[in-house]
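Encoded as structure tokens, the structure appears first; notes follow it.
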2 protein chains.
Amino acid sequence: MSGPTLSDVAEAAGVSYATADRVINKRGNVAQKSIDKVRDAVERLGYVRNVAAANLSRRRVYRLAFLIPTGSNAFFSRVRDHIIQSADHLSADSISVRIVDVSAFSVEGLKDSIVDLAGSELDGVAIVGLQSRLLEQPLAELRARGVAVIGLVSDLPVEFRSAYIGIDNKVAGRTAARMTGLAHRGRAGAIQTFVGSMEARDHAERLQGFRDVIAADFPDLTVLDPILTKDDPAVLCKSAANALQSGASVTAFYNVGAGNVGLIEAISTSPGARPFCVVHELVAHSKQALIDNHIDLVIDQRPDVEVNRAFALLRALIDDRELPPMPDLMPTIYVRDNLPADTLNDAMEVQIR
Amino acid sequence: MSGPTLSDVAEAAGVSYATADRVINKRGNVAQKSIDKVRDAVERLGYVRNVAAANLSRRRVYRLAFLIPTGSNAFFSRVRDHIIQSADHLSADSISVRIVDVSAFSVEGLKDSIVDLAGSELDGVAIVGLQSRLLEQPLAELRARGVAVIGLVSDLPVEFRSAYIGIDNKVAGRTAARMTGLAHRGRAGAIQTFVGSMEARDHAERLQGFRDVIAADFPDLTVLDPILTKDDPAVLCKSAANALQSGASVTAFYNVGAGNVGLIEAISTSPGARPFCVVHELVAHSKQALIDNHIDLVIDQRPDVEVNRAFALLRALIDDRELPPMPDLMPTIYVRDNLPADTLNDAMEVQIR
DNA sequence: TCGGAAATGATCGACGTATATCAAAAAATG
DNA sequence: CATTTTTTGATATACGTCGATCATTTCCGA
């Protein structure tokens with residue numbers, strides 16, 4: 001019923017268990033001839049290592065780390081909460097997780113944190129990355145020590161990680177544009193966009209995707225040049241208020257970055273009809289704003305799904321197994337009617353505990 | 001590092017390993033006093049039984065079954081494909097899966113299939129259910145034999161299953177309404193709705209949710225009485241073509257049920273502007289229709305996520321463990337820009353193999 | 001208080017793998 | 001051919017749990 005064991009393989013290969021083991025676990029001191037025989041038998045019998053038994057035997061503990069930016073950013077506290085919550089349940093599978101706080105969006109800070117990882121024994125790490133050559137050296141060293149490295153939410157230099165988990169931000173921007181276009185349905189309009197920083201790759205990509213779709217499919221709409229916010233709610237509040245007062249010319253808002261508290265503040269205190277409004281990431285205040293009808297749509301990247309996926313992926317990489325099939329990561333559209341019940345209530349409880 | 005073992009528990013409780021084992025595995029013939037001591041020690045030490053070791057020892061194979069309606073329904077072939085694909089990778093975890101074809105939407109057929117399950121040894125089963133008292137008896141018998149039973153996509157009688165995995169169809173209908181409303185933005189309009197059958201609970205609920213939101217938040221829109229289609233593409237094609245010709249009065253289509261091939265056919269062959277168009281379930285043709293701009297939105301219930309969740313849930317139930325945290329199941333909105341790359345290409349390959 | 005029933009303890013051999021040791025065989029070296 | 005080196009085989013112990021068996025102790029009722 002359950003597949004062949006290593007003993008079966010050894011027998012089929014005509015070698016001893018010890019030799020088969022030497023081949024499987026790459027212990028060296030094996031003749032090429034024997035290696036071939038074992039490999040062949042593995043193939044023929046369809047042998048797959050019983051990971052559970054192996055881990056039991058070697059008392060394996062998967063030591064994982066997550067490098068997450070600090071700060072008040074609500075999205076990353078959501079990520080953090082999901083990691084903690086998952087880790088809680090994964091400890092039963094002998095997985096230990098450490099969350100490392102990284103100073104937000106500082107290449108130097110991230111580099112230091114990666115270098116620091118060298119101190120502790122690790123099997124795998126998921127990093128909210130940045131694109132910088134500065135990171136290449138420390139990442140290479142990590143991987144040389146056998147640590148599985150993946151990028152999370154924001155990618156690392158491609159050659160220096162095994163995989164990336166996150167949405168395609170161009171797709172996210174395109175989706176926002178599609179919805180904005182549909183909401184205008186033929187009518188002309190002007191869309192005020194906001195970005196945190198054009199240096200942030202995700203912001204730039206979202207804006208690009210947004211512009212592409214509007215240009216291609218909604219010729220009656222104009223995309224106004226983005227206002228630079230540095231993700232600061234105060235800046236957003238002020239500039240949004242400004243735009244709201246400057247007559248009825250603006251028919252939609254699209255905030256590519258964070259700091260939505262400010263945008264919502266401006267909208268909720270401004271009288272009269274408001275523009276169609278799209279923002280990113282479902283967190284406590286954006287959820288509330290949907291419910292209160294202050295905004296129309298939230299494009300979300302489901303950090304819960306991403307974290308789940310990170311764990312599965314790291315384990316597979318560490319065990320050198322095939323990847324299990326995993327649901328695709330697509331930007332998810334929320335309106336006030338398909339809100340998850342517990343996005344932040346539950347997560348917050350975890351945080352408080 | 002890794003938690004206490006049962007030996008530790010026995011020692012802490014001041015009983016022998018054998019007694020602790022008797023308590024943990026409910027073998028009976030244990031004094032209440034001993035039970036309490038062991039339970040107490042488990043609590044104190046935070047013992048969790050090592051499922052991997054246990055399964056290794058007893059050569060456990062999780063024997064699961066899925067009862068899925070047959071027929072040409074594209075949604076269920078998608079479900080089927082995901083089950084097959086997952087099962088492929090789960091065989092490494094000694095999980096064996098059987099898919100049982102059930103004649104679609106026939107209570108009698110479903111009942112027979114459930115009764116038939118009694119023949120084979122099973123640990124858990126996920127059933128695309130129906131609401132009928134006829135099912136209660138056979139379900140009760142299944143569960144009496146220790147089989148974990150969950151409802152999938154469409155629920156079973158509540159008292160006779162351990163859990164239900166599926167979306168809230170009222171929420172799905174509300175979401176469709178919200179998007180339709182946004183797309184009209186102030187303009188008046190009339191929405192032609194289509195249902196397969198008002199007896200189908202999911203259809204009725206979607207329509208209800210849809211009506212609720214339109215009535216509450218979009219007073220300028222009228223929901224026309226639904227056209228009964230029996231999910232038959234031919235019926236949909238004809239009635240949609242009819243609606244399209246009867247002047248510009250209809251500004252939107254909402255198909256609650258299946259048979260979208262027909263709807264798309266009518267739209268694509270009709271000249272001039274088309275109404276705003278929302279359907280359910282992302283499958284090959286609805287995806288293509290999005291790309292071709294024949295429809296605007298697809299509300300999807302992510303069968304891949306649901307199947308994943310079903311596996312996790314069944315295992316947890318069978319092992320009598322706590323549930324791992326799982327992403328919420330919310331209706332997902334697809335437009336032509338956030339389409340998953342592989343929804344059906346990959347799945348179809350699996351089918352062909 | 002005796003006998004039988006109930007409860008407990010002690011211990012063993014699986015499960016499939018990892019890791020180690022030691023001896024034996026085969027191959028390479030001069 | 002003798003000697004070293006490389007490669008192999010045989011075997012043991014451990015991981016944490018399950019499912020046994022068998023002997024011993026404790027409990028309870030008559």
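The values are calculated or read from the model by the stated rules, or taken from the named source; none is laboratory data. None of these values were measured; they are calculated from a predicted model. Ideal geometry is used to build each Cβ from the backbone, glycine not excepted, and the neighbour counts take in all protein chains shown. Calculation scope for accessible area: heavy atoms of the full protein, side chains included, ligands and nucleic acids excluded. Shrake-Rupley method; radii C 1.70, N 1.55, O 1.52, S 1.80 Å.
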* In Hz, Karplus ³J(HN,Hα) per residue of segment A:45-53 (6.51, -1.76, 1.60; θ = phi - 60°; x = Gly, Pro) -> 7, x, 5, 10, 4, 7, 4, 4, 5
* **segment A:245-347: proportion of alpha-carbon pairs further apart than 16 angstrom, %** => 63
* Sorted from shortest, what are the nm distances separating the label point of B:Asp217 from equivalent points in the other copies, each placed 7 Å from Cα along Cα to C-beta? -> 2.1
* Asked: Which percent of Cα-Cα pairs in segment A:48-136 sits in each 10 Å bin, short to long?
  -> 15, 41, 29, 13, 2
* **Computed P(r) (all Cα pairs; the protein assembly as shown; 10 Å bins; percent)** => 3, 13, 21, 24, 20, 12, 6, 2, 0
* **Inter-copy separations for B:Arg143, label at 7 Å along Cα-Cβ, nm, ascending** => 5.1
* Structure fact -> Expressed in Å to one decimal, the Kirkwood Rh of segment B:169-300 from all distinct alpha-carbon pairs is 14.3
* To do: Give the angle, between 0 and 90 degrees and rounded to the nearest 10, that separates the Cα long axis of helix A:74-90 from the longest principal axis of the Cα atoms of chain A.
  => 30
* To do: Rounded to the nearest 100 Å², what's the accessible area chains B and A bury against each other, both chains counted, probe 1.4 Å?
  => 4000
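Of the DSSP beta bridges with both residues in the protein assembly as shown, give the percent that are antiparallel, rounding to the nearest 5.
Details: 8 of 78 bridges.
The antiparallel proportion sits near 10 percent.
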* Asked: Leaving out same-chain residues fewer than 8 places away, which aspartates and glutamates sit with a Cα under 15 Å from that of A:Lys26?
  -> A:Asp36, A:Asp319, A:Asp320
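When each pair of different Cα atoms in chain A is counted once in the 1/r mean, what is the Kirkwood radius in angstroms, to one decimal? Numbers along the way, then the final one.
Details: mean 1/r = 0.0437 Å⁻¹.
Kirkwood radius, chain A: 22.9 Å.
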* Asked: Alpha carbon centre of segment A:266-281 versus segment A:12-90: separation in Å?
  -> 50
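Using mean Cβ contacts within 10 Å as the protection proxy, how do A:153-160, A:173-180 order, highest first? Write down the numbers at each step before the final one.
Numbers: A:153-160: 17.2, A:173-180: 28.6.
Descending mean neighbour count gives A:173-180, A:153-160.
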* Structure fact -> To the nearest Å², the heavy-atom accessible area per residue of the protein assembly as shown with 1.4 Å probe amounts to 45
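Run through segment B:21-124 and list the trypsin sites (Lys or Arg not before Pro) located in a DSSP loop whose Cβ has at most 12 other Cβ atoms within 10 Å.
Values: sites: B:Arg22, B:Lys26, B:Arg27, B:Lys33, B:Lys37, B:Arg39, B:Arg44, B:Arg49, B:Arg58, B:Arg59, B:Arg60, B:Arg63, B:Arg78, B:Arg80, B:Arg98, B:Lys111; in loops: B:Lys26, B:Arg27, B:Arg49, B:Arg58, B:Arg59, B:Arg60.
Here the trypsin sites (Lys or Arg not before Pro) that fit, given the DSSP loop and packing criteria, are B:Lys26, B:Arg27, B:Arg58, B:Arg59.
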* To do: Can you give me the three principal axis dimensions of segment B:6-49 from its C-alpha atoms, in Å, biggest first?
  => 24, 18, 14
* Structure fact -> Along segment B:17-24, Karplus-curve 3J(HN,Hα) (6.51, -1.76, 1.60; θ = phi - 60°) to the nearest Hz, with x for Gly and Pro, reads 4, 4, 5, 4, 4, 4, 5, 4
* To do: Go ahead and estimate [θ] at 222 nm for chain A from helices alone: -39,500 (n - 2.57) per DSSP H run with n ≥ 4, summed, over the residue count, rounded to 500.
  => -14000 deg cm²/dmol
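Where the accessible area of segment B:169-300 is counted over protein heavy atoms with a 1.4 Å probe, how much of it, in %, is carbon and sulfur?
The nonpolar share, carbon plus sulfur, comes to 54 percent.
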* Nm distances between copies for A:Leu228, ranked from closest, using label points 7 Å along Cα→Cβ -> 6.5
* List B:Phe105, A:Phe276, ordered by accessible area with a 1.4 Å probe, largest first -> B:Phe105, A:Phe276
